[in-house]
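Enquirer: Pasting in a structure now, in structure tokens, and then I'll have a few things to ask.
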Amino acid sequence: MVAMDPELEAFVTLFPSNDVADPVTARANYSRLAASAPVPDTTGMEIEDRTVPADPDVPVRIYRPSRATGALVWLHGGGWTMGDLDTEHHWAARIARGSDAVVVSVGYRLSPEHRFPAALDDAYAVLAWVSEHAAELGTDTGRIAVGGHSSGGCLAAAVALRARDQQGPPIRFQLLNQPSLDDRQETWSARNFTDTPWATRDVIAAAWGNYLGAAPATPYAAPARAADLSGLPPAHIATAELCPNRDEDIAYGLRLLQAGVSVELHQWPGTFHGSQAVLSSDVSQRQIAELGEALRRALAG
């Protein structure tokens, strides 16, 4: 039996229900959880809400540190069903602080009201806008990354695939934290982690159902289905040991390596999906710090 980090284990009973089959209740619970997180330090950081022109327009929140090494288009987690600019504030601000990158947090459309490809279209529109406004944001088109957590990691990986295939805006780096990449749920971790905290096999299956509906998954919906991963940006992939997504993430990282893409892969022992929300724990602090440092190195190098 895999041992959970004791600092994290103490908080497991405090996590609210995560039944994404009931989106209204799940969103309310997610918002309460995010509101209970410690307020991030935003001293010296400019924070601005903007709207990216698209069809429909996409709300974003821009975090500008005092000095910027590049820009990150950041996609929040929540099973494509939960989350918004407010619930993502604690993540986005800390990544901006830790990386000295301008972080553009995306308020993409949620499922099941807006199924695939709505969220991907929103994310891609923001990437194009950031590229077009790079100078205004204090960076250049050669220092733009995409990233996200969980379902947001899926969207970030899909944006990278789409940008490659459509000769879209250049992407320097992918920052993928515990991404949901494969709707098939055939890996060992997906089949065996059926009652892990926060994200279980059933929760993830329901999230994919919300996102896809009855439509079959394409590689832009589930990047693990992509046959060719060559020509993609370098990636940092972080996984949690007690996460159903763990093995599909590791497999994706290995396939990227085999396709000639540079990858940094970090598997965090004793952690579970989304456990970084327990900000008081040492391992969560180290995980978030590493995301910022990985982004800093990628954009500055």
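Enquirer: So which pairs qualify, if the first residue must be in the stretch 32-46 and touching a residue at least 12 places away in the same chain (Cβ under 8 Å) and under 11 Å from L279 (Cβ atoms), the second must be part of a loop (DSSP other than H, G, I, E, B) and of a type in the set (A, V, I, L, M, F, W, C), the Cβ gap must be under 7 Å, and the two must be at least 6 apart or on different chains?
Expert: Short answer, once both residue conditions are applied: A37/L279; P38/L279.
Enquirer: Of the numbered conditions (1) in contact with a Ser or Thr (Cβ under 7 Å, 6 or more places away or on another chain); (2) more than 15 Å from A158 (Cβ to Cβ), D249 fails exactly one; give the number of that condition.
Expert: (2)
Enquirer: For S280, only one of the following conditions fails: (1) touching a residue at least 12 places away in the same chain (Cβ under 8 Å); (2) within 19 Å of the chain's Cα centre (by Cα). What is its number?
Expert: With (1) touching a residue at least 12 places away in the same chain (Cβ under 8 Å); (2) within 19 Å of the chain's Cα centre (by Cα) applied to S280, the lone miss is (2).
Enquirer: What are the pairs, 6+ residues apart or on separate chains, where a residue within the stretch 115-131 that is in contact (Cβ under 8 Å) with a residue 60 or more places away in the chain and under 11 Å from A54 (Cα atoms) has its Cβ under 9 Å from a residue that is of a type in the set (D, E, K, R) and assigned to a loop (DSSP other than H, G, I, E, B)?
Expert: Correct list of pairs: D121/D55; D121/R109; D122/R109; A125/D55; A125/D57.
Enquirer: Which residue, of Q166, Q178, is at pLDDT 95 or above and buried (at least 24 other Cβ atoms within 10 Å of the Cβ)?
Expert: It is Q178.
Enquirer: From P223, P197, P244, grab the single residue that is touching a residue at least 40 places away in the same chain (Cβ under 8 Å), crowded, with 20+ Cβ neighbours inside 10 Å, in contact with a helix residue (DSSP H, G or I) (Cβ under 6 Å, 6 or more places away or on another chain) and over 18 Å from G153 (Cβ atoms).
Expert: Every option except P197 fails the conditions.
Enquirer: So which of A54, A71 ends up being in contact with a strand residue (DSSP E or B) (Cβ under 7 Å, 6 or more places away or on another chain), over 27 Å from N192 (Cβ atoms) and not acidic (D, E)?
Expert: None of the other options fit; the residue is A71.
Enquirer: Let me ask another. For the stretch 212-269, name all the residues that are more than 26 Å from T81 (Cβ to Cβ) and hydroxyl-bearing (S, T, Y).
Expert: Within the stretch 212-269, S230, S262 meet the criteria.
Enquirer: Any idea how many residues of the stretch 23-48 are touching an Asp or Glu at 6+ places or on another chain (Cβ under 9 Å) and over 22 Å from S280 (Cβ atoms)?
Expert: 4
Enquirer: All but one of (1) in contact with a strand residue (DSSP E or B) (Cβ under 7 Å, 6 or more places away or on another chain); (2) farther than 24 Å from R50 by Cα; (3) at pLDDT below 95; (4) of a type outside the set (D, E, K, R) hold for T200; which doesn't?
Expert: It is condition (1) that T200 fails.
Enquirer: Where in the stretch 58-117 are there strands (runs of 3 or more DSSP E), lying wholly inside it, with at least 2 residues that are surrounded by 21 or more Cβ atoms within 10 Å (Cβ to Cβ) and more than 15 Å from the chain's Cα centre (by Cα)?
Expert: The strands (runs of 3 or more DSSP E) meeting that bar are 58-64.
Enquirer: Does T87 satisfy the condition of being at negative phi, modelled with pLDDT under 95 and hydroxyl-bearing (S, T, Y)? Break it down stepwise before answering.
Expert: Details: at negative phi: yes; modelled with pLDDT under 95: no; hydroxyl-bearing (S, T, Y): yes.
So T87 does not fit the description; no.
Enquirer: Does R27 meet the test of being surrounded by fewer than 22 Cβ atoms within 10 Å (Cβ to Cβ), touching a helix residue (DSSP H, G or I) at 6+ places or on another chain (Cβ under 9 Å) and not small (G, A, S)?
Expert: The answer is no for R27.
Enquirer: Specify the residue that is nearest to Q166 (Cα to Cα); the eligible residues are those in the stretch 207-220 that are among the aliphatic types (A, V, I, L, M) and surrounded by fewer than 21 Cβ atoms within 10 Å (Cβ to Cβ).
Expert: Going through the qualifying residues, I end up with A217.
Enquirer: Another question, then. I'd like the full set of residues that are among the β-branched types (V, I, T), surrounded by fewer than 13 Cβ atoms within 10 Å (Cβ to Cβ) and part of a helix (DSSP H, G or I), limited to the stretch 1-24.
Expert: Filtering the stretch 1-24 for residues among the β-branched types (V, I, T) gives 2, 12-13, 20, 24.
If we keep only those that are surrounded by fewer than 13 Cβ atoms within 10 Å (Cβ to Cβ) as well, we get 2, 13, 24.
Matches in the stretch 1-24: T13, V24.
Enquirer: Six or more apart or on different chains, Cβ under 7 Å: which pairs go from a residue in the stretch 285-301 that's of a type in the set (S, T, N, Q) to one that's buried (at least 20 other Cβ atoms within 10 Å of the Cβ) and at pLDDT below 95? Could you list them?
Expert: Sorted first by the residue in the stretch 285-301, then by its partner, the pairs are Q287/Q276.
The values are calculated or read from the model by the stated rules, or taken from the named source; none is laboratory data. Please read all numbers here as calculations on a predicted model, not as lab measurements. Note: ideal-geometry Cβ built from the backbone for every residue, glycine included; neighbour counts use all protein chains shown.
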